[in-house]
1. When you scan chain A for helices (runs of 4 or more DSSP H) that lie fully inside it, which ones turn up with 2 or more residues that are of a type in the set (Asp, Glu)?
2. Pull up segment B:53-65, narrow it to residues that are of a type in the set (Gly, Ala, Ser) and more than 8 Å from chain A (Cβ to nearest Cβ), then point me to the one that is nearest to residue B:8 (Cα to Cα).
3. Can you tell me which of B:68, B:35 is closer than 22 Å to residue B:119 by Cα, among the aliphatic types (A, V, I, L, M) and within 13 Å of chain A (Cβ to nearest Cβ)?
4. Please work out which one of (1) among the polar types (S, T, N, Q); (2) closer than 17 Å to residue B:108 by Cβ; (3) at pLDDT 80 or above is the condition residue B:36 fails and give its number.
5. Suppose the filter is more than 14 Å from every other protein chain (Cβ to nearest Cβ) and out of contact with any Cys (no Cβ under 8 Å at 6 or more places or on another chain); does residue B:96 pass it?
6. Could you tell me how many of the residues in segment A:3-42 are surrounded by fewer than 17 Cβ atoms within 10 Å (Cβ to Cβ), under 23 Å from residue B:130 (Cβ atoms) and either touching a residue at least 24 places away in the same chain (Cβ under 8 Å) or more than 8 Å from chain B (Cβ to nearest Cβ) (or both)?
7. Please enumerate the residues belonging to segment B:99-132 that are charged (D, E, K, R) and either touching a Leu at 6+ places or on another chain (Cβ under 7 Å) or touching a residue at least 12 places away in the same chain (Cβ under 8 Å) (or both).
8. Assigned to a helix (DSSP H, G or I), within 14 Å of chain A (Cβ to nearest Cβ) and surrounded by 13 or more Cβ atoms within 10 Å (Cβ to Cβ) - does that describe any residue in segment B:73-90?
Amino acid sequence: MNNRIKEYRARFNLTQDDLAKRVNVRRETVVFLEKNKYNPSLKLAYDIAKVFKTTIEEIFIFDN
Amino acid sequence: MKRAVLIFVIAALVLITCGLLFFSGESGIKPVELLQFGVIILVIAFALFFGYKRFSSAKSGQPVEDELSKKVLQKAAAFSFYISLYLWVAIIYISDKVKLESHSLIGAGVLGMAVIYAICWVVINFTGIKNE
């Protein structure tokens, strides 16, 4: 699974720290998400999508 | 925050106890004891690093624990338990070959488990958890 968190974060002018605080996780978790080293829970994916005012599918790209 | 402080207190207590135990002997320090002390220092260093991470997270307004850190802990615990089984088998094998006191064997096993856990945590923390 790939994601566009970094792209959206730049678009919304947010730092990793800002995003981490908004979705109530540690900054390291955002780093791991951006590097595609961690697949978030459905709740975290939903929270991230909510911060960027979009849908989960728009941020997280599923590829089999 | 409280748990981070607790980690520092426990680490300090363990260090003081070990220091008293190793350096109060009249016959001097044996090489095996020095090795044991070195391993304990390594485990304490890991605990202090862990505590510092929690402390700095709490200080910067971030949660001390989140879903990733919990998963890393769980995975490290599961892996270290699995590897520890082999460690105990190795210790049983060594105890048949070399004459050692039972408390030394148990101590080596417990310290070995702590070191295995620390290594597992570091590896999983740096490689990440993917597709789970």
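The values are calculated or read from the model by the stated rules, or taken from the named source; none is laboratory data. Computed from a prediction, not measured in an experiment: that's the story for all the values here. Every residue, glycine as well, gets a Cβ built from its backbone with ideal geometry; the counts of neighbours run over all protein chains shown.
1. Numbers: elements: A:5-11, A:16-22, A:27-34, A:42-51, A:56-59.
The qualifying helices (runs of 4 or more DSSP H) are A:16-22, A:27-34, A:56-59.
2. The residue in question is B:56.
3. Values: B:35 fails: within 13 Å of chain A (Cβ to nearest Cβ).
Of B:68, B:35, the one residue that is closer than 22 Å to residue B:119 by Cα, among the aliphatic types (A, V, I, L, M) and within 13 Å of chain A (Cβ to nearest Cβ) is B:68.
4. (3)
5. Details: more than 14 Å from every other protein chain (Cβ to nearest Cβ): yes; out of contact with any Cys (no Cβ under 8 Å at 6 or more places or on another chain): yes.
Answer is yes for this residue.
6. Final tally of qualifying residues: 6.
7. Start the filter on segment B:99-132 by keeping residues that are charged (D, E, K, R), which leaves B:99, B:101, B:130, B:132.
Once the filter is applied, which keeps residues that are charged (D, E, K, R) and either touching a Leu at 6+ places or on another chain (Cβ under 7 Å) or touching a residue at least 12 places away in the same chain (Cβ under 8 Å) (or both), segment B:99-132 yields only B:132.
8. Going through segment B:73-90, the residues assigned to a helix (DSSP H, G or I) turn out to be B:73-90.
Narrowing further to those that are within 14 Å of chain A (Cβ to nearest Cβ): B:73-75.
Checking which are surrounded by 13 or more Cβ atoms within 10 Å (Cβ to Cβ) leaves us with B:73, B:75.
Scanning segment B:73-90 turns up at least one residue that is assigned to a helix (DSSP H, G or I), within 14 Å of chain A (Cβ to nearest Cβ) and surrounded by 13 or more Cβ atoms within 10 Å (Cβ to Cβ).
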